[in-house]
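Remarks on the structure that follows.
Any read-out appearing in this document is the output of simple, stated calculations on the displayed coordinates, not a laboratory observation. What you see is a predicted model; the values in this text were computed from it and never measured. Here the Cβ positions follow ideal geometry from the backbone for every residue, glycine too, while neighbour counts run over all protein chains shown.
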Amino acid sequence: MTSKTRAAKEPDPDRRHFLEIAAASIAAGPFVLASPAEARAGQAETAHAIARPGSGASLGPLRQIDAGALNVGYIDSGPANGPTVILLHGWPYDIHAFVEVTPLLASAGYRVIVPHLRGYGTTRFRSTEAVRNGQQAVVAVDIMALMDALGIERAVLAGFDWGARTANVIAALWPERCKAMVSVSGYLIGSQAANRAPLPPAAELQWWYQFYFATERGRLGYEANRNDFAKLIWKIASPKWNFDDATFERSTRAFANPDHVAIVIHNYRWRLGLAAGEPVYDTLEARLASSPAISVPTITLEGDANGAPHPEPAAYRGKFTGRYEHRLIAGGIGHNLPQEAPQAFARAVIDVDRL
């Protein structure tokens, strides 16, 4: 462990001063947050305002770029010459999970890239023959291809749900491309072998949708009711988040992607070993199956009201061998942490860049 004893590399004085001002302005916003020292001492940061309308906010214009197997829809905000942060959403969410995080980071001098993952929004496969594959390695490869297409050598990666897992995979397999990481719910790299082991009944119950998706009835049900399904997951995963209809409906547009259902179903069937991945990714999956440690500077976050399945922080602490902090975000914050507590999330990104 090196998180408390090694001195962090100092940024240049102007940049350090700028980041200090940005962090102070974030802390002074509508969320009242504990200091970094308090977070390191294990105290919870608190987001006092839970209900946030948010539906009027905008990420700005979408751009499109060919990257690997995909034509990716993405947001590019902030100064073009700023340090890059890539924000990665999960299921069943979209880029609007970062609608308030993005301007906070852009105003702090970051170039902020927010892509639609495969199967979401305006991201499309470049070939009609491509396998609609949702396994964990391929989503990470997509982001690496996007970085290459945009000429980004290294970036801070930050995400939740599928996005956190994708950031974990890149940090583990290609640490030279990941400057630092913010990961909601910690270490999420998995394997088909590990997923064969049954869980206690109460834990299995939390994964009900995964077993539903394993059936043809589940595939048809998700195809027919994807928006109602997403709203149910939002409510279960974030029981104290009082999102309005406009906020939810804004995200449902991303689920109209023609490949959305195929990607989601394959992702969850692949986890259980009920669907094969593509052989080209077998070597990567074999490396991930060993649960590799992550050495890049990392801040893990958890909401105190996360209703989705998630590991306890103590269970994954040993997976992070570099500089590290864990922060509990209190105040009724659920699974969609960046949208429910955007200031705490943005602050973690700025802080991990200096960790």
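Descriptive notes on the structure:
- Calculated FRET efficiency for the pair residue 321/residue 256, C-beta based, R₀ 56 Å, to 0.05: 0.85
- Report note on the peptides 307-317, 149-159: ranked by the mean count of other C-beta atoms within 10 Å, highest first, their order is 149-159, 307-317.
- One Cα centroid belongs to the stretch 274-319, the other to the stretch 197-272; the line between them spans 20 Å.
- Gained length - residue 194 relative to residue 223, 0.36 nm times residue gap less alpha-carbon distance: 7.6 nm
- The distance between label points at residue 208 and residue 126 comes to 4.2 nm (points 7 Å beyond Cα on the Cα→Cβ vector).
- Pairwise FRET efficiency - residue 248 versus residue 174, Cβ, R0 = 25 Å, nearest 0.05: 0.10
- Loop sites in the stretch 223-289: GluC sites (Glu not before Pro), DSSP, at most 15 other Cβ within 10 Å: none
- Residue 107-residue 57 FRET efficiency (beta carbon distance; Förster radius 22 Å; 0.05 resolution): 0.95
- Each label was represented as a point 7 Å from its Cα along the Cα-to-Cβ direction; for residue 283 and residue 64 these points are 3.3 nm apart.
- Debye, to nearest 20: dipole size of the stretch 173-277, +1 on Lys, Arg Cβ, -1 on Asp, Glu Cβ: 180 debye
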